Amino acid sequence: MTTGEIPFGVVADTLRDLVRVAGVDVLLPVERDVLAPLLPGAAPSQQVERVQLLSTFLDLLERLAGERLVVWVVEDLHWADSATRDLVGLAARTLPDGLLIVATVRTDDPERTPSAEAALTSYVAGLARTPGCEVLRVPRLVPDAVQRQLRDLLGERPSADVASRVERLSDGIPFVVEELVAAAGRPEMTTAAAVAAGRLGSLSPETRRLAEAAAVGDGHLRISLLEQVLDVTSEELDAALVEAMRAGILTTDHEQDAVGFRHALLREATSRETGPGARRSWHRRWAEVLEDNPGVLAADPAALAVAEHWHQARDVRRALAATVAALPAAERICRSDEEIVLWTRVISAFGDLGDAQAVAGLSLRRVMGLGAEVAAMATRARSRDFWDTVPVGRLDGAEKLAHRLLSSDKAGKGESNLADRDAPQAAADAFEDSVVDELAILVWSAAGSRMSDDRGRSLVERALNAAHERGHRRGVFMAAQLGSYRAQVNGDPDVAVSMLERVLSWYPDETWEGMLASLGNLTWCELIQGRHARAEAAAREGLSRLRHPHLSVTMWEHLVENATASWLLTGRWREARELLDASAPWWDDDVRTSNARSDILRLMQEGRAEVSRWRERAVDPAPQGAARALVRELLARSDALAGDLASMRAVLAPAWREEDFLLSDDQLWSAVVAASRAEADAAITGSRTDEAAAHLGELQVAADRFRRYGALGEVWPLDLAAQLDRFHGRDARPALRAALEGWERIGHVPDVATTHLSLAEQEAVHGDREAARRHLAAGRAIAEDLAARPMLARADALAEGYALTSRERRTDDVLTEREVEVLRLVAEGMTNGQIGAKLFVSPKTASVHVSHILAKLGAANRTEAAATARRHGLLE
């Protein structure tokens with residue numbers, strides 16, 4: 001933005017070109033209304049949100065591409081604002097064949113910061129992977145290509161000395177080759193920046209002023225505006241433009257009233273060659289001219305440009321007024337991270353100007369309240385910038401307490417904010433009798449959400465109702481989010497459900513991100529109580545409101561992670577996999593909650609997943625949104641499937657010991673069940689250890705402290721009790737039957753299958769083979785439907801180990817006399833070697849006899865064979 005670039009500038013230019021080429025009637029009335037903030041001369045007649053605006057633009061491209069070929073050329077994506085990059089990426093992935101996008105981007109720029117280069121590289125790589133995308137790489141020229149370019153420029157083959165020199169100096173950059181030829185190969189022209197600066201040096205003072213003004217105003221250059229910015233006559237401007245064009249610096253398009261730099265490097269060079277004082281002066285002139293010429297640019301981009309120019313001019317007073325005027329536009333078309341920059345500038349002015357309140361038309365208290373709402377939605381870095389800029393010395397006592405409360409670092413997902421335990425009570429006391437405004441509503445919401453008593457609940461309700469009565473949508477959202485989270489973590493998700501449903505009833509057709517977040521939270525509060533039908537309804541409602549979900553990636557991921565959490569529990573694995581796979585490419589990283597759910601699903605279906613990236617995240621308090629409890633459950637499941645129970649115990653140990661983890665009991669119950677099942681399974685196969693017993697004891701103590709929500713809270717303790725019975729060799733059938741009934745009641749299909757298999761094992765151990773076969777068949781059928789390989793492998797092991805594949809064989813007249821003799825020795829506990837010595841045969845022969853006996857009796861092992869023989873009197 002330091003060069004005048006503004007959010008949505010490319011989109012506004014695209015619309016301007018479209019209307020110029022095809023006429024204003026190319027837009028439908030509804031499209032004109034929504035896109036009015038970006039149409040020159042149009043006056044917005046309605047509140048238009050960013051997602052609505054971008055969605056309408058995409059719908060327009062899709063409609064036109066269905067009627068004719070549409071070619072959209074977007075140059076210099078490395079300088080594009082976030083909205084433009086979002087749109088190009090989304091259009092490339094989702095729009096029909098009738099749209100051809102041609103985009104240019106300069107990679108490997110040494111002047112970009114490492115973080116900016118990494119972000120751009122990731123973005124470009126994502127575009128390159130898009131089906132139908134063709135990447136045309138334009139590398140530096142090889143020597144032969146430089147010589148061909150020289151021959152074309154000079155009209156003849158250059159001498160070997162000239163060619164060699166140009167090859168060396170140009171470093172294969174075509175622009176530099178061209179400039180070296182124009183400069184007759186002067187030795188000082190050794191970089192692209194140098195040749196650009198050299199071309200500027202040849203300009204007259206008047207044309208140099210034109211180039212400087214154009215560099216500062218790039219992004220909204222108009223010939224009609226330049227004339228006023230330069231304060232010259234039409235004739236003088238034309239003369240300067242002609243010289244700039246002949247010098248190869250600027251290009252013009254009088255039909256479009258447009259001016260542009262012939263090459264981006266020339267703009268960069270001009271900007272570098274312009275002194276700071278001159279640059280500030282040009283920003284001032286652009287701000288003045290844009291203010292005096294409303295309608296030349298689209299309304300919202302113009303407001304943002306004016307505010308930016310006054311800020312860059314270092315005119316704090318004019319910048320403050322312009323920024324306040326631009327804030328409605330920022331709210332409509334900017335992201336919160338961009339919007340908070342403007343609020344930070346506003347509140348900074350209160351530390352510089354004694355009469356800032358009069359200039360802004362807002363009190364410092366109101367600025368802090370309105371800015372705090374945006375800061376709550378912005379990244380931590382942007383939020384911290386805002387709070388660090390607040391002039392605390394100018395705040396009164398109550399406002400200082402509000403600052404202390406609201407500026408606390410954000411906690412990670414699923415974790416309580418323990419940054420300042422005293423701040424909530426102090427702020428609540430200070431604002432007890434406060435007037436109702438944005439700051440008071442925020443304080444009541446934030447303080448109430450961190451207080452577990454009745455007063456905390458009352459404060460949240462007060463904030464919610466006050467915001468609703470004032471029509472203050474952001475305040476409603478903040479109160480609902482904080483209040484519902486407070487209720488849930490304090491063990492009352494039904495109160496959270498009631499609050500969220502009330503807010504949603506106030507905005508039945510709302511697509512604003514705050515309401516989508518509420519639907520995502522409602523999904524979670526329902527599923528942790530085992531009410532999956534209601535959870536599914538909330539999730540699908542949220543997903544259906546996202547016309548283009550990729551434009552609200554944060555909210556989309558929130559809905560995806562909670563919807564799929566429910567589907568994993570209810571066995572809708574196919575739908576979960578489709579949604580997770582379709583959405584994953586849109587995340588900025590692969591360590592989000594939805595990625596963790598995807599890996600857990602992969603473990604349950606395939607028995608393995610690549611989890612190495614999660615190891616380092618296990619100790620991170622907030623790994624890009626994935627809660628620590630979920631990360632540790634994922635790692636524990638992976639370790640258990642690999643048979644490494646020691647690692648499983650180590651990764652889960654903090655979850656049973658640390659207080660912060662216990663606040664996530666709504667997520668930890670599944671880790672409890674998974675870990676207890678793994679320990680019991682190992683014990684059944686003969687791997688019962690003191691370490692396992694100690695772990696189960698620790699796990700049971702932690703689980704006794706967990707809050708138990710709804711029907712789900714009734715069932716998982718039953719499963720835990722059954723696993724403890726299995727581990728200690730007790731008859732686990734009563735507890736398993738109770739757990740099975742509970743899992744079936746709430747519709748946890750995978751848990752139903754697992755419990756059927758455990759019952760098959762227990763019935764076989766206790767001699768009821770018919771019941772064992774029934775449970776085995778039921779569990780296998782579900783496992784096959786889920787395509788759950790680990791579950792199928794367990795079913796196979798049970799069938800083989802307990803000979804449950806067919807009805808038990810009759811034993812009379814089945815065994816030979818020699819086999820009966822061997823079986824008696826087996827029953828006495830002899831090894832194959834001992835049996836061979838007793839019967840005067842080799843150990844191998846004894847082993848063959850034993851194998852035949854097991855096969856004929858349908859027994860899984862020597863112990864079961866002996867038990868079967870005793871039941872049928874074969875050992876008498």
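The values are calculated or read from the model by the stated rules, or taken from the named source; none is laboratory data. All values reported here derive from a predicted model rather than from experimental measurement. Here Cβ is always computed from backbone atoms with ideal geometry, including for glycine, and neighbour counts include all displayed protein chains. These area figures cover heavy atoms from the full protein model, side chains too; ligands, DNA and RNA do not enter into them. Shrake-Rupley method; radii C 1.70, N 1.55, O 1.52, S 1.80 Å.
Among the helices (runs of 4 or more DSSP H) lying completely within the stretch 816-871, list those that include at least 3 residues that are in contact with an Asp or Glu (Cβ under 6 Å, 6 or more places away or on another chain) and open to solvent by less than 70 Å² (accessible area, probe 1.4 Å).
Working: elements: 817-827, 832-839, 843-857, 862-871.
Filter on the stretch 816-871 gives an empty set.
Kindly provide the set of residues from the stretch 150-179 that are closer than 20 Å to Leu265 by Cβ, small (Gly, Ala, Ser) and open to solvent by 50 Å² or more (accessible area, probe 1.4 Å), ordered by number.
Our first condition is that a residue be closer than 20 Å to Leu265 by Cβ; within the stretch 150-179, this holds for 150, 153, 166-179.
The next check asks that each one be small (Gly, Ala, Ser); those that pass are 170, 172.
Those that are closer than 20 Å to Leu265 by Cβ, small (Gly, Ala, Ser) and open to solvent by 50 Å² or more (accessible area, probe 1.4 Å): none in the stretch 150-179.
Restricting the search to the stretch 1-40, which residues are in a loop (DSSP other than H, G, I, E, B) and either open to solvent by less than 50 Å² (accessible area, probe 1.4 Å) or modelled with pLDDT of 75 or more (or both)?
So the first thing to find is which residues in the stretch 1-40 are in a loop (DSSP other than H, G, I, E, B), and the list is 1-8, 23, 27-28, 39.
Within the stretch 1-40, Thr3, Gly4, Ile6, Pro7, Phe8, Gly23, Leu27, Leu28, Leu39 qualify.
Determine, yes or no, whether Ala307 is of a type in the set (A, V, I, L, M), within 17 Å of Asp81 (Cβ to Cβ), at pLDDT 90 or above and open to solvent by less than 20 Å² (accessible area, probe 1.4 Å). If you could, list the steps in order and put the result at the bottom.
Working: of a type in the set (A, V, I, L, M): yes; within 17 Å of Asp81 (Cβ to Cβ): yes; at pLDDT 90 or above: yes; open to solvent by less than 20 Å² (accessible area, probe 1.4 Å): yes.
In short, yes.
Is it the case that some residue within the stretch 248-255 is assigned to a strand (DSSP E or B), open to solvent by 20 Å² or more (accessible area, probe 1.4 Å), without any contact (Cβ under 8 Å) to a residue 24 or more places away in the chain and under 26 Å from Val10 (Cα atoms)? I'd like the intermediate steps shown before the answer.
Step one: of the stretch 248-255, the residues assigned to a strand (DSSP E or B) are 250-253.
Narrowing further to those that are open to solvent by 20 Å² or more (accessible area, probe 1.4 Å): 251-253.
This time we only want the ones that are without any contact (Cβ under 8 Å) to a residue 24 or more places away in the chain, so: 251, 253.
So of that shortlist, the ones also under 26 Å from Val10 (Cα atoms) come out as 251, 253.
Within the stretch 248-255, one or more residues are assigned to a strand (DSSP E or B), open to solvent by 20 Å² or more (accessible area, probe 1.4 Å), without any contact (Cβ under 8 Å) to a residue 24 or more places away in the chain and under 26 Å from Val10 (Cα atoms).
Quick one: Ala764 ticks every box in (1) modelled with pLDDT under 95; (2) open to solvent by less than 10 Å² (accessible area, probe 1.4 Å); (3) aliphatic (A, V, I, L, M) bar one, so which box is it?
Ala764 satisfies every listed condition except (2).
Could you tell me how many of the residues in the stretch 718-746 are over 16 Å from Trp669 (Cβ atoms) and either acidic (Asp, Glu) or open to solvent by 10 Å² or more (accessible area, probe 1.4 Å) (or both)?
First, pick out the residues of the stretch 718-746 that are over 16 Å from Trp669 (Cβ atoms): 725-738, 740-741, 744-745.
From what's left, either acidic (Asp, Glu) or open to solvent by 10 Å² or more (accessible area, probe 1.4 Å) (or both): 725, 728-731, 733-735, 737-738, 740-741, 744-745.
Qualifying residue count, the stretch 718-746: 14.
Looking only at residues that are open to solvent by 60 Å² or more (accessible area, probe 1.4 Å) and either in a helix (DSSP H, G or I) or without any contact (Cβ under 8 Å) to a residue 40 or more places away in the chain (or both) in the stretch 329-358, which one is nearest to Glu513 (Cα to Cα)?
Of all residues in the stretch 329-358, those open to solvent by 60 Å² or more (accessible area, probe 1.4 Å) come to 331, 335, 352, 354-355, 357-358.
Next, from what is left, pick out any that are either in a helix (DSSP H, G or I) or without any contact (Cβ under 8 Å) to a residue 40 or more places away in the chain (or both): 331, 352, 354-355, 357-358.
Working: Glu331: 13, Asp352: 34, Gly354: 37, Asp355: 36, Gln357: 31, Ala358: 33 Å.
It comes out as Glu331.
Condition first: surrounded by fewer than 16 Cβ atoms within 10 Å (Cβ to Cβ) and either free of Cβ contacts under 8 Å to residues at least 12 places away in the same chain or assigned to a helix (DSSP H, G or I) (or both). Now tell me which residues in the stretch 282-301 satisfy that.
The first filter runs over the stretch 282-301 and keeps only residues surrounded by fewer than 16 Cβ atoms within 10 Å (Cβ to Cβ), leaving 292-295.
Hits for the stretch 282-301 are Asp292, Pro294.
Do you know which of the residues in the stretch 640-656 that are open to solvent by less than 10 Å² (accessible area, probe 1.4 Å) and out of contact with any Asp or Glu (no Cβ under 7 Å at 6 or more places or on another chain) is modelled with the highest pLDDT?
Residues of the stretch 640-656 that are open to solvent by less than 10 Å² (accessible area, probe 1.4 Å), as a first pass: 648, 652, 655.
Now drop any that are not out of contact with any Asp or Glu (no Cβ under 7 Å at 6 or more places or on another chain), which leaves 652, 655.
On the way: Leu652: 93, Ala655: 87.
The qualifying residue modelled with the highest pLDDT is Leu652.
Say whether the condition of being surrounded by fewer than 20 Cβ atoms within 10 Å (Cβ to Cβ), at pLDDT below 95 and in a loop (DSSP other than H, G, I, E, B) is met by at least one residue in the stretch 598-608.
Scanning the stretch 598-608 turns up at least one residue that is surrounded by fewer than 20 Cβ atoms within 10 Å (Cβ to Cβ), at pLDDT below 95 and in a loop (DSSP other than H, G, I, E, B).
Find all pairs meeting these conditions: Cβ atoms under 6 angstrom apart; at least six residues apart or on different chains; first residue within the stretch 258-273 and within 21 Å of Val105 (Cβ to Cβ) and assigned to a loop (DSSP other than H, G, I, E, B); second residue open to solvent by 40 Å² or more (accessible area, probe 1.4 Å) and at pLDDT 80 or above.
Arg262/Thr251
Just give me the residues in the stretch 81-116 being assigned to a loop (DSSP other than H, G, I, E, B), at pLDDT below 80 and among the hydrophobic types (A, V, I, L, M, F, W, C), in sequence order.
First, the residues of the stretch 81-116 that are assigned to a loop (DSSP other than H, G, I, E, B): 81, 95-98, 104-113.
If we keep only those that are at pLDDT below 80 as well, we get 81, 95-96, 108-112.
Answer for the stretch 81-116, where residues must be assigned to a loop (DSSP other than H, G, I, E, B), at pLDDT below 80 and among the hydrophobic types (A, V, I, L, M, F, W, C): just Leu95.
Look at Leu99 and say whether it is in contact with a Gly (Cβ under 9 Å, 6 or more places away or on another chain), open to solvent by less than 50 Å² (accessible area, probe 1.4 Å), free of Cβ contacts under 8 Å to residues at least 60 places away in the same chain and among the aliphatic types (A, V, I, L, M).
Details: in contact with a Gly (Cβ under 9 Å, 6 or more places away or on another chain): no; open to solvent by less than 50 Å² (accessible area, probe 1.4 Å): yes; free of Cβ contacts under 8 Å to residues at least 60 places away in the same chain: yes; among the aliphatic types (A, V, I, L, M): yes.
It is false that Leu99 is in contact with a Gly (Cβ under 9 Å, 6 or more places away or on another chain), open to solvent by less than 50 Å² (accessible area, probe 1.4 Å), free of Cβ contacts under 8 Å to residues at least 60 places away in the same chain and among the aliphatic types (A, V, I, L, M).
Quick one: which of Thr84, Thr121 is in contact (Cβ under 8 Å) with a residue 40 or more places away in the chain, among the polar types (S, T, N, Q) and either surrounded by fewer than 16 Cβ atoms within 10 Å (Cβ to Cβ) or more than 27 Å from Glu179 (Cα to Cα) (or both)? Write out each step before concluding.
Details: Thr121 fails: in contact (Cβ under 8 Å) with a residue 40 or more places away in the chain.
Result of the check over Thr84, Thr121: Thr84.
I'd like the full set of residues that are of a type in the set (Gly, Ala, Ser) and at negative phi, limited to the stretch 217-234. Write out each step before concluding.
Filtering the stretch 217-234 for residues of a type in the set (Gly, Ala, Ser) gives 217, 219, 224, 234.
Across the stretch 217-234, the qualifying residues are Gly217, Ser224, Ser234.
Across the stretch 654-676, what is the total count of residues that are free of Cβ contacts under 8 Å to residues at least 12 places away in the same chain and assigned to a helix (DSSP H, G or I)?
Selection size over the stretch 654-676: 1.
Select from the stretch 318-328 the residues that are more than 30 Å from Leu87 (Cβ to Cβ) and open to solvent by 40 Å² or more (accessible area, probe 1.4 Å) and list them in ascending order.
The initial filter retains those residues of the stretch 318-328 that are more than 30 Å from Leu87 (Cβ to Cβ), namely 318, 320-321.
Those that are more than 30 Å from Leu87 (Cβ to Cβ) and open to solvent by 40 Å² or more (accessible area, probe 1.4 Å): Arg318, Ala321.
Test Arg208 against the stated conditions and say whether it is closer than 24 Å to Thr252 by Cα, among the charged types (D, E, K, R), open to solvent by 20 Å² or more (accessible area, probe 1.4 Å) and modelled with pLDDT under 90.
Details: closer than 24 Å to Thr252 by Cα: yes; among the charged types (D, E, K, R): yes; open to solvent by 20 Å² or more (accessible area, probe 1.4 Å): yes; modelled with pLDDT under 90: no.
In short, no.
If Thr564 satisfies every condition in (1) buried (at least 23 other Cβ atoms within 10 Å of the Cβ); (2) at pLDDT below 95; (3) over 25 Å from His468 (Cβ atoms) but one, which is the exception?
Thr564 satisfies all of (1) buried (at least 23 other Cβ atoms within 10 Å of the Cβ); (2) at pLDDT below 95; (3) over 25 Å from His468 (Cβ atoms) except (2).
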